[in-house]
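Trainee: Shown below is the structure under consideration.
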Amino acid sequence: MMIEHLREVDSTNRYIRRYLAGGEDALVTALRQTGGMGTKGRSFLSEEGGVFLSKLTFYRDRPAGTSFLVMTHAAVAVCRTAEEFGVRPEIKWPNDILVRGRKLCGILIENSIAGGMLHASIVGIGLNVANDVSALGGIAVTLCEAAERTLSPESVRDRLIFQLSQEDDMQDYLSYVRFLGKQIDVTLQGERFVAVARRILPDGRLEIERDGVRQLLSAAEIRLMEQTNGGQR
Ligand code: BTN
């Protein structure tokens, strides 16, 4: 796999697209991004000191229905990395990694799907390590703050690259999900309500129970209750 470490780039996700035509797996990191992209068209604050990484993977014979496992793999790799530094993370469905309710990491996945098959994926990971996240007003946390020690972004980056090369499965992902069976705050198509989170299906949908009625969500904004927030804009 080709690995490229950049000083500065607009977005590693955008940059790595140049390798889509080549057919070879690639990984690109940057010390900072000037146009970091978040989910839902949001921007992602990417000051120096964080780990900003994108990994391009090509697949053969992989049904598009298994795409959620690309997300679970990235989330597990981030959680395992955080644990290596003594931090206990949790996953907020589908793609945020939190520590005590504050966002440690965001994941942005761009899949290329054709004819019902997953052809390639770009996994973008933005992990707060020693970067200044004060502009986000307390909704984000860094690994240094959570670990209560100084850490070099390069050492965290290298452990994350290692963890991304490891195997895992849905059970590993679920072991970091701590809100099942609990009440969550859901925002769905502009409507906000409280429901109980029941389970996450292998295809990534979240089953909730609202007033005794079960419902499957494929996209919604959720907020874990008892905690502050999980957004990083
Ligand atoms: C989110 O929480 O909204 C997802 C954020 C994903 C940020 C990462 S940083 C590396 C890669 N490059 C980008 O432009 N975005 C992803």
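Trainee: Return the residue satisfying two criteria in turn: it lies in segment 55-92 and is basic (Lys, Arg) and surrounded by fewer than 19 Cβ atoms within 10 Å (Cβ to Cβ), and of such residues it is nearest to Glu4 (Cα to Cα).
Mentor: Within segment 55-92, the match that is nearest to Glu4 (Cα to Cα) is Arg60.
Trainee: Regarding Arg80, is this residue near the ligand (Cβ under 10 Å from one of its atoms) and touching a residue at least 12 places away in the same chain (Cβ under 8 Å)?
Mentor: No; evaluated as a whole, the condition is false for this residue.
Trainee: Among residues belonging to segment 42-70 that are in contact with a Gly (Cβ under 7 Å, 6 or more places away or on another chain) and away from the ligand (no atom under 11 Å from the Cβ), point out the one that is farthest from Gly22 (Cα to Cα).
Mentor: Result: Phe68.
Trainee: Quick one: in segment 16-41, of everything that is near the ligand (Cβ under 8 Å from one of its atoms) and either assigned to a helix (DSSP H, G or I) or at pLDDT below 95 (or both), which residue is least open to solvent (accessible area, probe 1.4 Å)?
Mentor: Filtering segment 16-41 for residues that are near the ligand (Cβ under 8 Å from one of its atoms) and either assigned to a helix (DSSP H, G or I) or at pLDDT below 95 (or both), the one least open to solvent (accessible area, probe 1.4 Å) comes out as Thr39.
The values are calculated or read from the model by the stated rules, or taken from the named source; none is laboratory data. Remember, predicted model here, so these are calculated numbers, not experimental data. Quick reminder, even Gly has a Cβ in these numbers, built from the backbone with ideal geometry, and neighbours come from all protein chains shown. The protein model used for the area step is the full one, side chains on, heavy atoms only, and it has no ligands, DNA or RNA in it. Shrake-Rupley method; radii C 1.70, N 1.55, O 1.52, S 1.80 Å.
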